[in-house]
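Please read the structure below before turning to the comments.
The values are calculated or read from the model by the stated rules, or taken from the named source; none is laboratory data. What you see is a predicted model; the values in this text were computed from it and never measured. Backbone-built Cβ (ideal geometry, glycine too); neighbour counts: all protein chains shown. These accessible areas exclude ligands, DNA and RNA; they are computed on the full protein's heavy atoms, side chains included. Shrake-Rupley method; radii C 1.70, N 1.55, O 1.52, S 1.80 Å.
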Amino acid sequence: MQEGYAAASMSVIAARVGGSKGTLYNYFPSKETLFIALIEAECETEAWITETLRSDSTTVAGALTDIGRRFLDFCLTQKVRNIHRLVIAESGRFPELGRAFFDNGPKRGIQLMAGWMAEQAAAGRLRDADPERMATLFLDLCKSGLHQKLLWNIVPEPSDAMKAENVASAVEVFMAAFGTRAAAPFTKPLS
């Protein structure tokens with residue numbers, strides 16, 4: 001994070017962690033595999049989505065509100081913003097970095113969310129549409145107006161009220177597009 005992907009050599013990384021470059025290469029054969037391991041670890045420690053998909057809400061809108069709030073709490077943290085900045089800055093020169101980040105981070109969250117949305121569509125709670133597209137649109141709606149401005153350091157940290165307002169708008173727009181008129185209530189907690 002401090003040096004950037006291009007400038008951070010395996011020698012510098014080994015020196016900072018107090019080991020040898022040879023030992024580091026025993027665990028990670030390349031800088032790319034080290035970066036992928038970092039992204040995978042961050043995604044596992046910040047598993048907002050799997051917790052959220054077990055929401056106790058009895059409505060799709062309520063569950064989406066829970067999902068949206070936890071998602072914003074996760075993706076607007078300083079650590080996650082720093083990772084986004086690094087990937088954006090370096091992926092022009094190292095396209096594999098962008099692919100590794102997407103595959104091991106956002107894509108995994110979208111796929112989990114898409115599975116949940118497919119279940120809701122099958123139960124008649126959401127309109128039948130491409131679940132990955134629905135998941136992507138909902139998560140993008142949640143970030144709308146906050147994420148980029150925070151990445152660019154042009155707004156202060158958003159308050160809980162600002163995040164809640166963003167999520168409420170996202171849920172309203174999403175349900176207008178993909179909700180059903182006679183959405184059946186949940187009969188069990190989300191899985």
Close pairs from region 148-164: first closer than 17 Å to Thr65 by Cα, partner at pLDDT 90 or above and open to solvent by 100 Å² or more (accessible area, probe 1.4 Å), Cβ under 9 Å, at least 6 apart: Asp160/Arg69; Lys163/Arg69; Ala164/Arg69
For a quick check of your reading of the model, give me the residue pairs whose first member lies in region 72-91 and is among the β-branched types (Val, Ile, Thr), whose second is exposed (fewer than 15 other Cβ atoms within 10 Å of the Cβ) and not in a helix (DSSP H, G or I), with beta-carbon atoms closer than 9 Å and at least 6 apart or on different chains. Ile83/Met1
Residues of region 78-102 satisfying the condition of being open to solvent by 20 Å² or more (accessible area, probe 1.4 Å) and within 11 Å of the chain's Cα centre (by Cα): His84, Phe101, Phe102
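Would you please name the residue that is least open to solvent (accessible area, probe 1.4 Å), looking only at residues in region 122-144 that are under 30 Å from Ala161 (Cα atoms) and among the small types (Gly, Ala, Ser)? Walk me through how you get there before you give the answer.
Taking region 122-144 and keeping what is under 30 Å from Ala161 (Cα atoms), we get 125-127, 131-144.
With the extra rule that they be among the small types (Gly, Ala, Ser), the set shrinks to 135, 144.
Working: Ala135: 0, Ser144: 67 Å².
Across region 122-144, the extreme among qualifying residues is Ala135.
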Mind listing whichever residues of region 1-49 are modelled with pLDDT under 80, in a helix (DSSP H, G or I) and exposed (fewer than 12 other Cβ atoms within 10 Å of the Cβ)? Ala41, Glu44, Thr45
Among the residues of region 92-110, is there at least one that is under 18 Å from Ser57 (Cβ atoms) and modelled with pLDDT of 85 or more? no
Looking for something free of Cβ contacts under 8 Å to residues at least 40 places away in the same chain and open to solvent by 40 Å² or more (accessible area, probe 1.4 Å) - is there at least one such residue anywhere in region 58-70? yes
